[in-house]
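The values are calculated or read from the model by the stated rules, or taken from the named source; none is laboratory data. All of these numbers come straight from a predicted model, not from anything done at the bench. As a convention, Cβ positions derive from the backbone with ideal geometry for all residues, glycine included, and neighbour counts pool all protein chains shown. These area figures cover heavy atoms from the full protein model, side chains too; ligands, DNA and RNA do not enter into them. Shrake-Rupley method; radii C 1.70, N 1.55, O 1.52, S 1.80 Å.
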Amino acid sequence: MSSVDRIAPSANGVLRPILADLRPYDGRLEMTLHIALLCGLTAVVAMTLQMPLALLSCYLIFLMYRDNAGENILIGVGLILASTILIALSILLMMFVADEPALRLAMMGAVTFGSMWLARASKLGEPAGLIGFILVFVLSFYDYVAMPELVLRGLGWVWMVVFVPMLLLIALNALVGRSPLRLVRKRLRERLFEAARLAEGGNPDPTDRLLHEGNGPAEKHTRMALLLAQVSRKEQERLMAQLAASFSLLATAQAAASADRPEPEVAPTLRRMAESTEPCTAPGGGPIAEATRAFAAVRDSGKPAAPAPSEAGGSFLKPDAFKNPAYTRFALKVLLAVFLTYALYTSIGLFEIHTAMVTCFVVALGTSGETFHKSTLRIIGCLIGAVMGAFAVYFAMPYLWDPGHLFLLIATGSLVAGWVATGSYRVQYAGFQIALAFFICVLPGSPLDFGPNYDLSDAAYRVLGIIIGISIMGLVFSSIWPERASDTLDQETDAAIEAMVEVLRGENRLESLHRHIGAARHAEDVMRFEWPAPAADGQTETVRRLVAVEQLARLLPLFSGANAMRLAATLEATVDHVRSGPHGTSDTGEAMEDRARELVAILTGERKANEI
């Protein structure tokens, strides 16, 4: 049985990465402690100042915390400014629509549609949906608080709800935040050590994680280091060049390991380069040695590498923003779900289940698989957080009588939720919901209460609202213009093949190639959550095609000359799923070329995976 045939979706394949996401990694405990400390301090300050909605202030810490000090400070300052503008805009809108229910409803619809369209069609992404939710939620206040003076006073407190946690976030990161420069250097060292392991013939599979991540996060860290004046502009460009060169080195080392062409004599040099900045010369003449010397030349001279072509361009909107009907359909589906939930809880006069409408905004993602995956995490997280909160209310709350005890309680719950929230997309949102449900249970839900909370009815209503919201979203997204994750998987796989063709023809698209493969892997993960489930045969064949692309991409850095051109010409035909003539590489008898021909045969449909 081939490696392509062995890799197929299974229950084990779902649980294994989730359990791996809960394991410790370098920096996870530090970030979790930061989150716990900030949440505990926020709760104490809010209760001391008798600030309403303390639970939202604590929850903002989870939503806005990032892995480096520069980004956290930037987000803190930006959110304070943004909240000031949004509240001023909300007051202006309320002046026009407060006494006109029909106009207010139309305004809510327009804001919902516009924000969700921007969430899909612009670079703003999910924050556009968050901005839209805030405006819609403020506009809905007047249904329950009919006095304009109280609404204005409430909006003033909303500003405090944002200001206090963001001020603490800025202060903590200015004092003991994680240095973005340190994170960049750590990533470079990690790549060099990994390349050394591969040079000795190590398993190439674990390297996929580093390659699929690409240079994006590390490049962002270099910009944050420049923002904090940790590096000069010239030093930042030098770091960017090292990131590009180290990525090529890592891909080449993986290719050599996959083709069973180790170069163990280069490994000591790579480890020395990871541990010091002294000039080093790699022995040997193989591809890993050449890539090592190229990295050393960039590191020692600081000469910037040629930048990879940008796919996004400089425009705020995506190139197909006004041509792709999927963006408009997505916004209309969310609008329908929002209005259905809004009509439900307003018609029965039960504002406590307003989390149904909130759910429509926060779980809305591109494909139904992504939406149902996030909905599943939301339910699981809420149930875990509610159990933690109920335990705290009955067994811990009666023994709390000073701010220090409150700090310990909130920090302990935040520690558990923060550990989950610092995982990957597979578990991260569950951590957010654990925190929210826990805060709802132990912190006062009413804007007029500032003491310990002993009423769990709030938590029950919130969970009920979440279940209602998820049910309505599931019904809408599965029955109206459904977008399947399997379609995204096919699109990203085709995009990866196009990038492979360009790499074989000498273009600098290696990072883009691995980014598309990572996106396809993400689509494969969430595809399991789709309802109704895709046909098993089609799903398995699609995944096998992705695995063939992934394995061929591993060999790509070793191809050059006529073989590379022939392989590029053949791969170009597979994007349209058509058969081509004689394909691949010349018959040299080498294992790498033989393996490439087998993989190309799978992609062209001339051979089944289980025939290899």
Take Val363 and tell me if it is at pLDDT below 80, of a type outside the set (Gly, Ala, Ser) and either surrounded by fewer than 21 Cβ atoms within 10 Å (Cβ to Cβ) or within 21 Å of Gly465 (Cα to Cα) (or both).
yes
Could you check region 229-251 and list, in sequence order, the residues that are outside any helix (DSSP H, G or I) and open to solvent by less than 60 Å² (accessible area, probe 1.4 Å)?
Val231, Ser232
When Gly423 is run through (1) small (Gly, Ala, Ser); (2) assigned to a helix (DSSP H, G or I); (3) buried (at least 17 other Cβ atoms within 10 Å of the Cβ), the failure sits at (2)
Sort out which residues of region 99-133 are in a loop (DSSP other than H, G, I, E, B) and open to solvent by less than 40 Å² (accessible area, probe 1.4 Å), and write them in order of number.
Gly125
Complete set of residues in region 469-496 that are under 29 Å from Arg515 (Cβ atoms), part of a helix (DSSP H, G or I) and open to solvent by 60 Å² or more (accessible area, probe 1.4 Å):
Asp487, Gln491
All but one of (1) closer than 30 Å to Leu139 by Cβ; (2) open to solvent by 70 Å² or more (accessible area, probe 1.4 Å); (3) modelled with pLDDT under 90; (4) not polar (S, T, N, Q) hold for Leu340; state the number of the condition that does not hold.
(3)
Quick check on my filter: what residues within region 383-404 are in a helix (DSSP H, G or I), farther than 26 Å from Gly465 by Cα and open to solvent by less than 50 Å² (accessible area, probe 1.4 Å)?
Gly404
With the condition kept exactly as written, say whether any residue in region 47-65 is free of Cβ contacts under 8 Å to residues at least 24 places away in the same chain, over 15 Å from Phe438 (Cβ atoms) and surrounded by 19 or more Cβ atoms within 10 Å (Cβ to Cβ).
no
Starting from residues that are among the hydrophobic types (A, V, I, L, M, F, W, C) and in contact with a Phe, Trp or Tyr (Cβ under 8 Å, 6 or more places away or on another chain), keep the ones in region 387-415 and report whichever is modelled with the lowest pLDDT.
Met397
What is the residue count in region 262-303 for residues that are open to solvent by 60 Å² or more (accessible area, probe 1.4 Å), assigned to a helix (DSSP H, G or I) and farther than 22 Å from Glu235 by Cα?
5
State yes or no: is Thr376 touching a residue at least 60 places away in the same chain (Cβ under 8 Å), surrounded by 15 or more Cβ atoms within 10 Å (Cβ to Cβ), more than 22 Å from Tyr454 (Cβ to Cβ) and more than 30 Å from the chain's Cα centre (by Cα)?
no
Residue by residue through region 343-360, note down the ones that are open to solvent by 40 Å² or more (accessible area, probe 1.4 Å), of a type in the set (Val, Ile, Thr) and in a helix (DSSP H, G or I).
Thr346
Return the residues of region 420-441 that are over 16 Å from the mean Cα position of the chain (by Cα) and over 12 Å from Tyr59 (Cβ atoms); say none if nothing qualifies.
Cys441
Selection count, region 426-435, where residues are at pLDDT below 90 and buried (at least 24 other Cβ atoms within 10 Å of the Cβ)
1
Single unsatisfied condition, Phe247 versus (1) within 32 Å of the chain's Cα centre (by Cα); (2) more than 24 Å from Asp205 (Cβ to Cβ); (3) not hydroxyl-bearing (Ser, Thr, Tyr):
(2)
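Determine, yes or no, whether Tyr327 is within 23 Å of the chain's Cα centre (by Cα), in contact (Cβ under 8 Å) with a residue 40 or more places away in the chain and assigned to a helix (DSSP H, G or I). Step through it out loud before you land on a result.
Working: within 23 Å of the chain's Cα centre (by Cα): yes; in contact (Cβ under 8 Å) with a residue 40 or more places away in the chain: yes; assigned to a helix (DSSP H, G or I): yes.
Spelling it out, Tyr327 is indeed within 23 Å of the chain's Cα centre (by Cα), in contact (Cβ under 8 Å) with a residue 40 or more places away in the chain and assigned to a helix (DSSP H, G or I).
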Taking into account only those residues within region 405-420 that are open to solvent by 40 Å² or more (accessible area, probe 1.4 Å) and among the aliphatic types (A, V, I, L, M), which is nearest to His373 (Cα to Cα)?
Val416
Which helices (runs of 4 or more DSSP H) does region 498-612 wholly contain that include 2 or more residues that are within 30 Å of Ser478 (Cα to Cα), at pLDDT 70 or above and open to solvent by 20 Å² or more (accessible area, probe 1.4 Å)?
510-527, 536-555
